[in-house]
Amino acid sequence: MAEELSLRDVILDVIRSNPGIHFREIQRRTGAAVGQIEYHLYQLERLEKIHSREDGKIRRYFTSEGTGLIQRRVIFFLRNPAGREIILLLLQKGKLPEGSLTKGRKPVRERKFQLLDDMVRENVLRSSVESGIRYYELTDPSSIKQTLNAFRESFLDMLTSNIISILDSS
């Protein structure tokens, strides 16, 4: 029993320090068996110590304490590659037209349009129309910067990959 509690605490700590983490990453960081992780995640959710949210085919996990609702929303979108690209572009350049945020092949564009709608609905972005063109901007860029700073170790690999891809596309 003590071993189960210990693994549960480890899982909770991993989620606490890496909000928005997905199942396979929890497994990789803990080294525990799939069944053990599934069991403890189920129990932690049942006890309302964590909650999860689907991101396409991936389920992302957050602790119920330690992050506010806006932070969890931002982290959720930052963990998604297309959402991260949109947020980082808006952080770098400010207000941008829809066309510059939805580049890519048709399935990628469709996913980005859906993400833009979701981010507006969840108050991460706001949109406006000027001269018939839809523009998007971050609702609160400073809170996004604070979130990135607060969880920078958790985002380090992701940000490094993104910076490299930005440099490669230049």
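Each reported figure results from applying straightforward, stated rules to the coordinates on display, with no laboratory input. Since we're looking at a predicted model, the values are computed, not measured. No Cβ is skipped: glycine too gets one built from the backbone with ideal geometry, and neighbour counts run over all protein chains shown.
Tabulated values for the structure
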| quantity | calculated |
| --- | --- |
| Correct choice for Rg and Dmax of the Cα atoms in Å that was computed from the model, options (1) 16.0, 47; (2) 17.5, 65; (3) 15.3, 46 | (2) |
| Cross-link reach list, aspartates and glutamates versus Lys103, counting only Cα pairs under 13 Å and skipping chain neighbours closer than eight places | Glu85 |
| Nonlocal amide H pairs with Ile50, under 5 Å, H built at 1.01 Å | Glu45, Ser64 |
| Distance violations [Cα-Cα > 24 Å] among Lys49/Lys145; Lys57/Lys93; Lys95/Lys145 | Lys49/Lys145; Lys57/Lys93 |
| Sorted by Cβ density within 10 Å, fewest first, the residues Ile11, Ile50, Ile133 | Ile133, Ile50, Ile11 |
| Residue among Ser17, Ser100, Ser131 with the largest mean-square fluctuation in a Gaussian network model of the chain, springs linking Cα atoms under 10 Å | Ser131 |
| Estimated dipole of the chain in Debye, rounded to 20 [Cβ of Lys and Arg +1, of Asp and Glu -1, Cα centre] | 540 debye |
| Angle in degrees between helix 141-150 and the longest Cα principal axis of the chain, rounded to the nearest 10 | 30 degrees |
| Candidates Lys112, Lys95, Lys103: whichever shows maximal mean-square fluctuation once the chain is modelled as a Gaussian network with Cα springs under 10 Å | Lys103 |
| Helix-only mean residue ellipticity at 222 nm for the chain, each DSSP H run of n ≥ 4 adding -39500 (n - 2.57), per residue, nearest 500 | -20000 deg cm²/dmol |
